[in-house]
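Novice: Attaching a single structure in structure tokens format; questions to follow.
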Amino acid sequence: MFFLPPDSDNPTGLVVSASDLAAGSACLFALKRRLDVRTGLALPPARKDQEMLDLLRDRGLAHEYRVLEGFAADREVAAVTTTEGAFSREQLEQGHNDTMAALSSGADVVYQGSFFDGSFHGKADFLVREDSGAWSVNDTKLASKIKPEYLIQLAAYADQLLAAGVPVHPYARVILRDGTPAEAELEKVLPKFRAVRDRITGALAEHLATGAPAAWDPKGDGACRLSTCPECQEAAAAADDLLLVAGMPGAKKYRTLLRSQGITTVTGLATAALDEPDAKLAGLQDQARLQAGTGGFDGETGGVRYRVVDRTALEELPAPDPGDIFFDFEGDPNRLEPSDGTWGLEYLFGLLARPLANPDAAPVFHPLTAHDREQERKAFTDFIELVAARRKARPEMHIYHYAHYEKNALTQLAARHGIFADEVEELNAEVLVDLRPVVSRSIRISEKSLSIKKLEPLYRPAVREGVANAVDSITAYSAYADAAAAGDTAAAEEVLGSILAYNLDDCESTLQLRDWLLSL
């Protein structure tokens, strides 16, 4: 979104894009906050994942170029070039006129068709002439399935074509990352789009008229209130909103109930006198007290308090065995494998285990790396064989991990490579132990999250440096791959070393967490 000099048709001068309308359909509050950034009323929220966003943008462009090459191989393509960055009304109108001219030419495909109607500007990835002579809207997305916000963008471009009197094909398409076209019937999508467009543009106009930054409205105001939305999370934190209580986002009815009683903040819930709360609500209040620093606790380390609330899950943990493995994957689901055109790569299997020959020795780190599909298959095979050998020597051994990624990844590897399906099913059922549900059932901590990074102060000092989370690992691995492809072996090895160190840290943390849980 950006501003042009106001005129009679657009008194505010605000111009929105198809991506703005898609974003506003998901979270209108976030879109208002982004408008506030444009007008200088607010600063953008702090983002820790900018490198990942940049990486996904680059991969999205690469996907778009692959599709472009496919069209150009057997069709005539007309590309519309427009100036990036600062726009003038004249430039936008010229881009729109160039697009209309391209549609009237002999081209079969128009690439980056540009639209402008005074208050809307957008670029369609591909406009394709169908056998009927009508034009279909095609957008590329680095995704494995179609999402509602994609339909908003498709409909926005189709709406522009219709307004210009261009015949439009009844189906628009999202070209997914594997090249599969997912179709949407415009007859069903366009009415919904127009309602969304009118709601969003009206709300933005009203917001501009206030001259004030968007205020957090806990009752709604189009806020998605998701943990993945930086604008909502920043505003909720500033308001001490009930959303910050661990477990509350998944128990929306309790937040609504509490708000109806005038309880709107974490502190308010911590100090409230609730009238015969059920077990779930009582647990949420207990969690709020821990987070507010007013509740009873069993211990405190590194600024984090904890309390054991149910020992059942702790008592069900297997007894330690010298053959135990502490396991952590590093993988990138959005990495394209050139050899077969499939997506996803598990580039590091990290295992921490004591030597079978000397079970009293310190655990040893066994990293299995893979940089292409063939190496991934070998790493997977080596993992299965290593585990089988340890199970034969130590039948009571288990593989400990945190959260569901490891189980899911093993299942996907078995399907992808067509091997070890029975072995993986047996491991998932009998050998792998996910410590995440053990934690969630047994303890509460004074943090709103139960990520392993939030738990670590309870059982280990703050020692992490460099690569610190899964997102960092993925962006670091991309840097490794780029350096390796460029022949910069020293830089590649340095980056890979940082990823190995992070993975070792995670494996050690899983071991220490298991031991700490047993100590409780």
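The values are calculated or read from the model by the stated rules, or taken from the named source; none is laboratory data. The structure presented is a predicted model; accordingly, all values stated were derived computationally and were not measured. As a convention, Cβ positions derive from the backbone with ideal geometry for all residues, glycine included, and neighbour counts pool all protein chains shown.
Novice: Quick one: Val137 ticks every box in (1) assigned to a loop (DSSP other than H, G, I, E, B); (2) under 30 Å from Gly202 (Cβ atoms) except a single one, so which number is it?
Specialist: (1)
Novice: Right, something else. Are there any helices (runs of 4 or more DSSP H) wholly within the range 18-134 with 3 or more residues that are over 20 Å from the mean Cα position of the chain (by Cα), touching a residue at least 12 places away in the same chain (Cβ under 8 Å) and assigned by TED's automatic domain parsing to the domain that holds Pro148, and if so which?
Specialist: Passing ranges, in order: 28-39, 50-74, 89-104.
Novice: If you scan the range 247-264, which residues turn out to be in contact with a Leu (Cβ under 7 Å, 6 or more places away or on another chain) and either closer than 16 Å to Ser446 by Cβ or part of a loop (DSSP other than H, G, I, E, B) (or both)?
Specialist: Within the range 247-264, Gly247, Met248, Pro249, Ala251, Ile263, Thr264 qualify.
Novice: Turning to a different aspect of this structure: Only strands (runs of 3 or more DSSP E) wholly contained in the range 315-377 count here; list those with 3 or more residues that are free of Cβ contacts under 8 Å to residues at least 60 places away in the same chain and buried (at least 17 other Cβ atoms within 10 Å of the Cβ).
Specialist: 342-353
Novice: Does the range 375-387 contain any residue that is modelled with pLDDT under 95 and either more than 24 Å from the chain's Cα centre (by Cα) or among the small types (Gly, Ala, Ser) (or both)?
Specialist: No, the range 375-387 contains no residue that is modelled with pLDDT under 95 and either more than 24 Å from the chain's Cα centre (by Cα) or among the small types (Gly, Ala, Ser) (or both).
Novice: Restricting attention to the range 187-195, does a residue exist that is in a helix (DSSP H, G or I) and in contact (Cβ under 8 Å) with a residue 40 or more places away in the chain?
Specialist: Yes, there is a match, as at least one residue in the range 187-195 is in a helix (DSSP H, G or I) and in contact (Cβ under 8 Å) with a residue 40 or more places away in the chain.
Per-residue answers, yes or no, for (1) free of Cβ contacts under 8 Å to residues at least 12 places away in the same chain; (2) assigned to a helix (DSSP H, G or I); (3) buried (at least 19 other Cβ atoms within 10 Å of the Cβ):
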site	(1), (2), (3)
Asn408	yes, yes, no
Leu413	no, yes, yes
Ile419	no, no, no
Glu423	no, yes, no
Glu430	yes, yes, no
Val438	no, yes, yes
Arg441	no, yes, no
Lys454	no, yes, no
Arg460	no, no, no
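Novice: Does Gly299 satisfy the criteria of being surrounded by fewer than 17 Cβ atoms within 10 Å (Cβ to Cβ) and in contact (Cβ under 8 Å) with a residue 60 or more places away in the chain?
Specialist: Taking the combined requirement at face value, the residue satisfies it.
Novice: Do we find that Tyr459 is under 25 Å from the mean Cα position of the chain (by Cα) and not hydrophobic (A, V, I, L, M, F, W, C) in this structure?
Specialist: no
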